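As structure tokens, the structure follows; a few thoughts come after it.
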Amino acid sequence: MYPKNIKENVDFYYNEQGYKVFTETYHLKRGYCCKSGCKHCPYGYDKKTDTFKKSGKNGKKP
């Protein structure tokens with residue numbers, strides 16, 4: 001389920017083209033990876049290879 005109360009400059013920002021870009025904070029609040037290749041994906045998903053990279057903090061995959 002997506003978080004309902006999202007805040008600009010915390011959960012998302014608008015890029016130069018006017019698109020809404022979700023932050024790492026938003027993705028963590030959401031609690032799972034959508035496998036869309038998001039710019040700020042904290043889960044380490046690589047859309048090109050359809051795999052997860054190791055997490056930087058504890059070395060575990062999501």
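The values are calculated or read from the model by the stated rules, or taken from the named source; none is laboratory data. Quick caveat, the model's predicted, so the values are computed rather than measured. Don't worry about glycine lacking a Cβ; one is built from the backbone with ideal geometry, like all the others, and counts go over all protein chains shown.
So that you can scan it fast, the table gives a plain yes or no per residue for (1) touching a Ser or Thr at 6+ places or on another chain (Cβ under 8 Å); (2) at pLDDT 95 or above; (3) at negative phi; (4) exposed (fewer than 10 other Cβ atoms within 10 Å of the Cβ):
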| position | (1), (2), (3), (4) |
| --- | --- |
| Tyr2 | no, no, yes, no |
| Ile6 | no, no, yes, no |
| Tyr14 | no, yes, yes, no |
| Val21 | no, yes, yes, no |
| Glu24 | no, yes, yes, no |
| His40 | yes, yes, yes, no |
| Asp46 | no, no, yes, no |
| Ser55 | no, no, yes, no |
| Gly59 | no, no, no, yes |
Checklist line | Residue list for the range 23-41, restricted to those being of a type in the set (Lys, Arg) and over 14 Å from Phe52 (Cβ atoms) | finding: Lys29, Arg30, Lys39
Next item on the list: Taking the residues in the range 26-38 that are in contact (Cβ under 8 Å) with a residue 12 or more places away in the chain and touching a strand residue (DSSP E or B) at 6+ places or on another chain (Cβ under 9 Å) as candidates, determine which candidate is surrounded by the most Cβ atoms within 10 Å (Cβ to Cβ).
Entry: Tyr26
